[in-house]
Amino acid sequence: MVQISNNVNFNGVSPKNLMDATYKAVENFQIRAFFEAKNDILSVGKLSEEEFYEILDAMIDAETERKLVLESLKGKEPLFLEEIAKILKEFPRENVIRDVIYLKEQGYIEEHIEIKTKTVIKKIKGEEKKVEEKEYFYRYQVKDLPDDFIEHFFEPVSIVFDSEVCCQCGWCSSICPVNAITVTADILEIDDETCMKCGICYSVCPKSFSIEQAGRSINKLDKSLKFSEKINGYINTYSASTTKDDIKKVRQDGGVVTSILQYLLENKLVDAIVAVQHSEEKWKPEPVIVDDLKDLYKTGGTKYANASTLAIIDKAKKYDKIAVVGTPCIMNAIEKGTLFPSGLPFFKNIKYRIGLFCMESFPYEGVLNLIKEQFQKDFNKVTKMDISGGKFIIYLDSGEDLRVPLKEVKSYARHNCHYCEDLTADFADISVGSIGSPSGWSSVITRTKIGEKIYKEAIKAGLIESKSLKEVKPGQPLLERIAGIKRKNCKPIKLEKE
Ligand SMILES: Cc1cc2nc3c(=O)[nH]c(=O)nc-3n(C[C@H](O)[C@H](O)[C@H](O)COP(=O)(O)OP(=O)(O)OC[C@H]3O[C@@H](n4cnc5c(N)ncnc54)[C@H](O)[C@@H]3O)c2cc1C
Ligand code: SF4
Ligand code: SF4
Ligand code: SF4
């Protein structure tokens, strides 16, 4: 008998229904492709036999649960995700929400979007004005399907790259069981000869189908969280700065990220950290695994070019406990891998996720061109780059700083960042950025109990000084406003085959 995902057995599901669902589950194209490729997978040596079966079990469990959820939803009117989770009491709520999103992607469920307009009072240039705001309501219902309906199967992620929405996070390449995917900051290539069409890469890719609705609904069900449509679920918001002079020398803003990482390493809460440092080519970020405190400060400071941080996650498999630092798309990828547990052996050692706020990133060539064309400067002379107060700023080794309006540099940003709605790393344990806090301080959002715990401990250890974000200006209202603008301007993703 199957043991269902997250080690939760079903209560109230009859053995017959469970058996039927299991039979249907093992007919799933992805599961069969994975099972039939067992020898090829093991010959690559990335997965042990035990890990292979761990993934297979997880896939069958999750698919079985989806078949049961589907049966229970047949004939029901369109419902909100939270309503569905409350009705289907025999399954864990989080699972039901993620299952509905997945079933939609498999073609069984339809999403109904209702748009309402409401009038709100906003202060614009000091004056109170009535403004119309759109609100979106998402409900889900099982489709009326023909008898010959064939479940959609998941494509390899070349479809994501070819549709120009790939954020180059590298998650798919770490997770692919046969190493068929190569990802760098600019390219993604799939070796068609090696790929066995298991679709695992698609199910964990942050850009294949969105988990934002699922994330919001899961957060809303957790009554211990505060919730904002703009910055999503959180425990607390702070403004903070490091107390360590050595960190002040390398930090981007408050040095909070490096301070938290130092706390985790010093106290052996992690064995290693996956972060980003300068590569041999200055300003080109290089993902690194740091397992020694002496190397940590090399990671301080923001590199505005994108990095394929998760492409090295499989190299960190030998560590029991790791922390990962990254932009919101990196946090989203990890969360998606957690919701859809086919990649278990690669991510279960990720214990802490430190997210960075991110409006956009730039291709490395874009950063170089930007420095040359907008500032007429040699990038080797640039000691720091920053985005603050609507300006892109460079600091030079001469002590000079130069700035141009942010709108002048938008054209250098990566095209695929236009398809990203998340400014504040919704899926991190702790999110950190500059918006909202004064210079030399960072805005911090603690989102999970574990995130709040280590943040408080780092303060207690004397690494960070912290106050409520409510106590500083411009504070949370500006952060929420900019996060709202990013969500509003985000383009919808449409995946198209070349
Ligand atoms: C591409 C990018 C865009 C950003 N855009 C915004 C923004 O619009 N608004 C805002 O408020 N904040 C933004 N940030 C976050 C901000 O720049 C700081 O990283 C954040 O405030 C933390 O500062 P700190 O002093 O605590 O970090 P530090 O202690 O200096 O640590 C910085 C950490 O960032 C990591 N890092 C550096 N570059 C990268 C990269 N390219 N990819 C992944 N990780 C990286 C390093 O590994 C290091 O751990 C952005 C960050 C990045 C990487
Ligand atoms: S997992 Fe990341 S790198 Fe791979 S296709 Fe998706 S967005 Fe691109
Ligand atoms: S590329 Fe994707 S579909 Fe192909 S084997 Fe790897 S994970 Fe499976
Ligand atoms: S804007 Fe989004 S997709 Fe682009 S780097 Fe930032 S988090 Fe990733």
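The values are calculated or read from the model by the stated rules, or taken from the named source; none is laboratory data. Since the model is a prediction, treat every value here as computed from it, not as a measurement. FYI the Cβ positions are ideal-geometry reconstructions off the backbone, even for glycines, and counts take in every protein chain you see. The accessibility values were calculated without ligands, DNA or RNA, using every heavy atom of the protein model including side chains. Shrake-Rupley method; radii C 1.70, N 1.55, O 1.52, S 1.80 Å.
Data for the structure
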| read-out | value |
| --- | --- |
| Coarse-grained scattering of the chain at q = 0.12 Å⁻¹, given as base-10 log I(q)/I(0) from a Debye sum over alpha-carbon atoms | -1.16 |
| Protein accessible area in segment 1-108, 1.4 Å probe - carbon and sulfur % | 49 |
| Leading residue at positive end of dipole, segment 1-108 (Cβ point charges), from Gln30, Leu79, Tyr108 | Leu79 |
| Cα centroid separation - segment 454-482 against segment 363-413, whole Å | 27 |
| Rounded percent of accessible protein surface that carbon and sulfur make up, segment 144-252, 1.4 Å probe | 47 |
| Cysteines having no other Cys beta carbon under 4.7 Å from their own, within the chain | Cys166, Cys169, Cys176, Cys195, Cys198, Cys205, Cys358, Cys417, Cys420, Cys490 |
| Listed residues Lys460, Lys410 arranged by accessible area, highest first, probe 1.4 Å | Lys460, Lys410 |
| Mean Cα-pair separation over length for the chain, i.e. relative contact order, pairs under 8 Å, 6 or more apart, % | 16 |
| Label point at Phe80 placed 7 Å out along Cα→Cβ; residues across segment 227-248 whose backbone nitrogen lies under 16 Å | 227-230, 232-233 |
| Cβ-derived FRET efficiency at R0 22 Å, Asp295 paired with Lys315, nearest 0.05 | 0.90 |
| The chain, accessible area per residue, ligands and nucleic acids excluded (1.4 Å, Å²) | 47 |
| Total formal charge among the other residues, if their Cβ is under 14 angstrom from that of Arg251, Lys/Arg +1 and Asp/Glu -1 | +1 |
| Hits among lysines - C-alpha to C-alpha of Lys467 under 19 Å, sequence gap 8 or more where chains match | Lys226, Lys244, Lys248, Lys449, Lys453, Lys456 |
| Accessible area (Å², 1.4 Å probe, nearest 10) - Thr448 | 40 |
| Net charge contributed by nearby residues that have their C-beta within less than 15 Å of Asp397 (K/R +1, D/E -1) | +2 |
| Positive-end residue, the chain charge dipole about Cα centroid, Cβ charges, pick of Leu310, Ala240, Val256 | Ala240 |
| Surface/4 of the Cα convex hull for segment 1-108, nm² | 7.3 |
| Pairs beyond 23 Å (Cα-Cα), from Lys460/Lys486; Lys67/Lys143; Lys134/Lys220; Lys407/Lys470; Lys207/Lys497; Lys89/Lys118 | Lys460/Lys486; Lys407/Lys470; Lys89/Lys118 |
| Positive minus negative residues near Tyr319 (Lys, Arg vs Asp, Glu; Cβ under 14 Å) | +2 |
| Accessible carbon and sulfur surface of segment 385-498 relative to its total accessible area, %, 1.4 Å | 54 |
| Computed [θ] at 222 nm, deg cm²/dmol, the chain (DSSP H ≥ 4; -39,500 (n - 2.57); rounded to nearest 500) | -10000 deg cm²/dmol |
